[in-house]
1. Largest first and in whole Å, what are the equivalent-ellipsoid semi-axes of segment 216-327 based on the Cα gyration tensor, each being the root of 5 times an eigenvalue?
2. Please say if the chain is rounded, prolate or oblate, where rounded means a/c under 1.5 for a ≥ b ≥ c the square roots of the C-alpha gyration tensor eigenvalues, and otherwise the choice is prolate for a/b larger than b/c and oblate otherwise?
3. What is the sum of charges, Lys and Arg at +1 and Asp and Glu at -1, for the other residues whose Cβ falls under 9 Å from the Cβ of residue 270?
4. Specify the angular offset, from 0 to 90 degrees and rounded to the nearest 10, of the alpha carbon long axis of helix 298-310 from the longest principal axis of the alpha carbons in the chain.
5. Shape call for segment 272-322 from the C-alpha gyration tensor, a ≥ b ≥ c root eigenvalues: rounded (a/c under 1.5), prolate (a/b greater than b/c) or oblate?
6. Return one number: the angle in degrees, 0 to 90 and rounded to the nearest 10, between the long axis of the Cα atoms of helix 231-242 and the longest principal axis of the Cα atoms of the chain.
7. Just in segment 14-67: which trypsin sites (Lys or Arg not before Pro) are loop by DSSP and have at most 14 other Cβ atoms within 10 Å?
8. Per 0.36 nm of contour for each residue apart, how much would the distance between residue 436 and residue 268 grow if the chain were fully extended, relative to their Cα-Cα spacing?
Amino acid sequence: MDSAWIFQHSFIDGQWLKGEGEFAVTNPADGSEIVRASRVSPSQVEQAITSAQRAFKGLKTTTAEQRSEVLYRWYELIMKHQHSLAELMTLEQGKPLAESQGEVAYGAGFVKWFAEQAKRSYGEIIPASKPEHRISVIKQGVGVVAGITPWNFPIAMITRKVAPAYAAGCSFVLKPSEHTPLCALALAHLAHQAGFPRGAFNVLLSDDAKAVGEQLTASETVRKFTFTGSTQVGSQLLKQCASTIKRTSMELGGNAPLLVFASADLDKAADGIIASKFRNAGQTCVCVNRVLADERIADKLLAKLQQRVAKLKVGPGTEEGVNIGPLIYPQAKTKVNELIDSALQEGATLVGERQSLEGNFVAPVLLSNVTSEMRISREEIFGPVLTVATFKDERQALQQANDTPYGLAAYFYSQDVAQIHRVAETLEYGMVGINEGLISNPVAPFGGVKQSGLGREGGHQGLEEYLEEKYLCLNLD
Ligand code: ADP
């Protein structure tokens with residue numbers, strides 16, 4: 001890894017600022033320390049907010065076209081350095097290099113998309129009810145935005161917030177995950193090379209997320225708060241945002257079901273399940289969390305899954321041919337193992353083997369005879385564990401699929417057209433993959449219902465999250 005990409009201080013007002021104290025950023029594949037990052041101080045957090053406010057005022061005088069050009073340059077720089085950024089991501093996050101390359105392109109895709117959308121923040125002209133009135137609605141950037149992002153997608157979770165914010169003319173103060181701050185710093189470095197003005201994109205490093213979160217949410221200057229992470233933390237942050245009535249977007253936890261109906265093409269279903277389940281070692285909020293299969297085809301499907309699971313290779317993300325990298329940290333592995341143990345105690349059956357590996361690595365596990373009541377069906381697994389439960393009919397399948405407080409992504413495989421419409425409409429989820437296991441895409445609105453969140457990222461909707469509407473009433477008399 002080229003050390004030119006390893007930054008260690010917060011990026012505030014266009015400068016690298018050393019904080020107070022340090023914390024280690026480690027490689028999850030071997031536990032080695034990559035760098036000691038400096039911890040931002042409370043006064044530096046304030047400085048970042050003030051500089052973002054200054055930048056926001058400056059951005060108000062820019063045109064959408066100018067912001068679009070800056071974003072497009074940022075996109076080109078990210079793609080130019082795709083390989084270095086992917087290496088950096090695998091180093092601090094662990095995912096296989098090919099997946100990191102894919103995420104860099106996916107993350108850059110949001111920048112390109114919002115470079116295009118920047119020019120489309122159209123307002124409205126409304127027919128007035130009085131002859132002397134002219135009524136219009138204009139859209140303007142909401143103001144200073146603060147965001148907190150997780151470690152599972154160290155680039156894409158950032159670009160899909162920062163790019164639409166900038167497109168809308170907003171400045172940004174970001175606190176990335178303490179586990180993956182290096183990708184965030186590299187992104188800020190490239191954004192400034194692309195022409196982001198000073199203070200338009202600040203990155204605060206800290207392993208005290210609670211303290212930084214409290215400061216950002218309490219600030220009256222910050223007008224919008226956007227978060228991706230667990231439902232528990234999101235709920236707490238929403239409460240904190242209430243005191244200053246901020247706009248909020250929340251991308252929270254999920255518990256994605258994947259339903260396989262009797263008419264499904266089972267090979268395609270098995271491929272879709274593997275792709276969705278084991279991406280990022282199972283650590284994504286839209287990963288299939290539970291497969292629900294029609295009992296008439298369940299055994300056939302299980303056999304196909306077992307064949308595919310047996311071929312998955314676990315190892316460091318830098319190794320050729322690896323499909324599953326390490327989990328992010330030791331506690332993640334402990335939690336996944338606890339979920340497997342509890343499922344086995346509750347009556348699930350292990351299909352194939354359960355290998356024990358060193359370090360943060362977890363070998364893929366396939367469990368059958370799982371039921372909806374088991375803890376493993378109710379919690380987000382966030383690891384390479386595939387569970388299969390069965391249903392008798394469509395009604396029972398939908399009842400089981402919707403029986404969760406979450407509502408992010410769901411998937412199903414069917415070749416019955418009427419059923420496809422019925423099931424898609426009845427699933428209580430923000431996103432539904434139909435005969436498809438991978439649905440994330442910058443052009444489409446990503447987001448959840450119920451306790452999976454508020455708001456949408458990507459699509460034309462993603463820009464609206466950073467725009468306020470202003471109604472103008474002009475009297476001609
Ligand atoms: P994950 O399980 O994906 O780490 P979290 O919700 O715990 O999900 O973390 C997502 C982000 O939220 C990370 O950047 C983390 O530092 C931050 N975070 C965790 N706890 C808090 C908190 N109490 N207040 C603000 N941010 C937090």
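1. 39, 19, 9
2. Oblate shape, in that a/c is at least 1.5 and b/c is the bigger or equal ratio.
3. Around residue 270, the charge tally is +1.
4. With rounding to tens, the tilt is 70 degrees.
5. The shape class here is oblate.
6. 20 degrees
7. Taking segment 14-67 and a limit of 14 other Cβ atoms within 10 Å, the loop trypsin sites (Lys or Arg not before Pro) found are 18, 60.
8. Additional length available on full extension: 59.6 nm.
The values are calculated or read from the model by the stated rules, or taken from the named source; none is laboratory data. Note that the coordinates shown come from a computational prediction; the quantities given were computed from them, not determined experimentally. A quick note on method: Cβ atoms are made from the backbone with ideal geometry, for glycine too, and the neighbour counts reach across all protein chains shown. Just so you know, the surface numbers come from the protein's heavy atoms only, side chains and all, with ligands and any DNA or RNA stripped out. Shrake-Rupley method; radii C 1.70, N 1.55, O 1.52, S 1.80 Å.
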